[in-house]
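Report on one structure; see the data block that follows.
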Amino acid sequence: MSLASRPLGWACAAALTATLAVTGCAPADEETAESPSSDDTASSSEPASGATDATPSSSKDSCAPEQLNLITPSTLTIATDRPAYEPWFVGNDPTNGKGFESAVAYAVAKELGFGRSDVEWVEEPFNKSFAPGAKDFDFDINQISILPEREEVVDFSDGYYQVAQAVIVLGDSDFATAGSLADLKDAAIGAQIGTTSLLAAKNGIQPSSPVAVFDDTNGAKQALLNGSIDAIIADLPTAFYITAVEIEGSKILGQFDATGPEPEEFGLLFEEGNPLVGCVNEAIGALEADGTLEAIEKKWLSQDVEVPELS
């Protein structure tokens, strides 16, 4: 889940329901249908309805590639963290168009009129991405949840994915049969620093001992394996990948909402005041309207397993 900036040499929706499944990751040598070829471009779409007041809808002319406010003229600079985890990216390589967020990034680029060769990827640590100040990228895509406190210093696009949090435990854990968040009160819980997973662990579970904080998901996974913690809190698609591929004998105990009555959503992150947000919102609206976002989600995050709701 992990999300300065420098070029990289990098060479497994509809509203979330309780019915979800094992991450559907494509083979590493499979080209995604959503990822544009090097000479693909797309004309600007009709303005989407739902642009926020802070980012008024832009005209077709103002959203033409040559009119956009970009870090580098004629190039769309996109940031994410390294390592770039599955199922969001495949093979730690955002440039290959494989994985949910890589495919979304290239779909947005294409909708804005950029070919694949016009996209430049740079590295941006997750916790640095939503710090105040100038950015060395046009937008960041890294499972960054839209939160009011973050919106005070950066701007977000409209949401491109709704997500829930999940609890991962080992199958032989003392907490493997827990049926509620209250049952986890005495568990040793771990989560990545700066994430809504950490907020969910602290506020949703309210464990009796402090939540163990890790720099990235790899640290949390190792702690679970060596018995330092009893459970990891992570977003649900990441939890599916961890339990299906990375930690044998682990399981998803259940899912829960981290942000209260409003659904938690991932958004593309921009420097505060960047006028590019309006054009990107139009692109996201067009991709949602024509079914592209749903198709990308189905390809990379398709689920078919019922996950209980924890409350």
Close pairs (9 angstrom Cβ cut-off, 6 or more residues apart or separate chains): of a type in the set (Lys, Arg) in the range 179-194, open to solvent by less than 30 Å² (accessible area, probe 1.4 Å) anywhere: LYS185/ILE205; LYS185/PRO207
With a cut-off of at least 3 residues that are acidic (Asp, Glu) and either in contact with a Gly (Cβ under 7 Å, 6 or more places away or on another chain) or open to solvent by 10 Å² or more (accessible area, probe 1.4 Å) (or both), name the helices (runs of 4 or more DSSP H) lying wholly within the range 134-251. none
How many residues are of a type in the set (Val, Ile, Thr) and over 16 Å from SER173 (Cβ atoms) when one looks only at the range 214-261? 4
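For the range 102-133, give me each residue that is part of a loop (DSSP other than H, G, I, E, B) and open to solvent by less than 20 Å² (accessible area, probe 1.4 Å).
At the first step, the residues of the range 102-133 found to be part of a loop (DSSP other than H, G, I, E, B) are 113-115, 124-125, 130-133.
Within the range 102-133, GLY113, PHE114, GLY115, GLU124 qualify.
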Restricting attention to the range 56-73, does a residue exist that is surrounded by 19 or more Cβ atoms within 10 Å (Cβ to Cβ) and under 22 Å from the mean Cα position of the chain (by Cα)? no
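The values are calculated or read from the model by the stated rules, or taken from the named source; none is laboratory data. These numbers were taken from a predicted model, which means no experiment stands behind them. Cβ sites come from the backbone with ideal geometry, for glycine too, and all protein chains shown count toward neighbours. Only protein heavy atoms, including side chains, enter the accessible area calculation; ligands, DNA and RNA are left aside. Shrake-Rupley method; radii C 1.70, N 1.55, O 1.52, S 1.80 Å.
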